Amino acid sequence: MRASLGARQVLTSAPELLEFETPTSRQELYREVARISESEAGQVAQALVLFPISQQGELVAAPGFEARMDLLQSPDAGARLELSFDGRAGERWPEDRRESLQGLSEREAAELVARTLLSHWRIAPSGVVQVDRASGAPYAVAYVDGILRINPAFLYMAAAQGPASLSGAGQ
């Protein structure tokens, strides 16, 4: 069903639809997002980019990441980050565990992805980072003014890349 849609189109769809895609399909979407992240890296975000961040008062595309990068393997360096998931933007992070998120809840997966990306992007906020759920957004993850907005559809793509999904694929 989704094989014909690209990653940008899938991001603007309901995240629940991605949950039922095959791990292979979600892995391919993740690889596409990673390729796009590398090609957009550092560009001024005049056009829509998948990972916009504010840097020195300017909106730019965040540093890219390789397709083999496991975003659910949070680096130790991210442990000092203070994250808040209080859902002040209206969308609450679901706490129910999902098989397609390697047994994590969306909130748990969002925390790992947030820590990994903020560390990879070398963002060292001075205060608490608000992590908002941004379903249907035309981007995967955005960091602007101390707020990290994560598209939950991207979490399902990222979870397809990790070691738990790879061991299940060989069975």
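The values are calculated or read from the model by the stated rules, or taken from the named source; none is laboratory data. Given the structure is predicted, the values throughout are model-derived calculations rather than measurements. Cβ placement follows ideal geometry from the backbone for every residue including glycine, while neighbour counts extend to all protein chains displayed. Please note that ligands, DNA and RNA were not included when accessible areas were found on the heavy atoms of the full protein model with its side chains. Shrake-Rupley method; radii C 1.70, N 1.55, O 1.52, S 1.80 Å.
Here are a few things to note about the model shown:
- Net charge of the neighbourhood of residue 38, taken over other residues with C-beta under 15 Å away and scored Lys/Arg +1, Asp/Glu -1, is 0.
- Shown here for the range 88-153: GluC sites (Glu not before Pro) in loop regions (DSSP other than H, G, I, E, B) with at most 11 other Cβ atoms within 10 Å, namely 95.
- Toward the positive end of the charge dipole of the range 80-137, with +1 on the Cβ of Lys and Arg and -1 on the Cβ of Asp and Glu, the farthest Cα among 81, 124, 112 is that of 124.
- The range 1-65, accessible area per residue, ligands and nucleic acids excluded (1.4 Å, Å²): 52 Å²
- GNM flexibility winner over the chain from 47, 134, 67 (Cα, springs under 10 Å): 47
- Signed unit charges on C-beta, dipole axis of the chain, positive-most listed residue 62, 39, 72: 39
- The range 84-131: C-alpha gyration tensor shape, a/c 1.5 cut-off, then a/b vs b/c: oblate
- Overall form of the range 27-77 per C-alpha gyration tensor (a/c, 1.5; a/b vs b/c): oblate
- Of interest is the spacing of the C-alpha centroids, which for the range 110-128 and the range 22-58 amounts to 16 Å.
- Taking the protein heavy atoms of the chain in the context of the full set of protein chains, the accessible area attributed to carbon and sulfur is 49 percent at 1.4 Å.
- Amide H contacts for residue 130 (H built 1.01 Å from N in the peptide plane; partners 5 or more residues away or on another chain; cut-off under 5 Å): 84, 148.
- Debye intensity ratio I(q)/I(0), log10, the range 17-123, q values 0.12, 0.16, 0.17, 0.22 Å⁻¹ (C-alpha model): -0.48, -0.88, -0.99, -1.40
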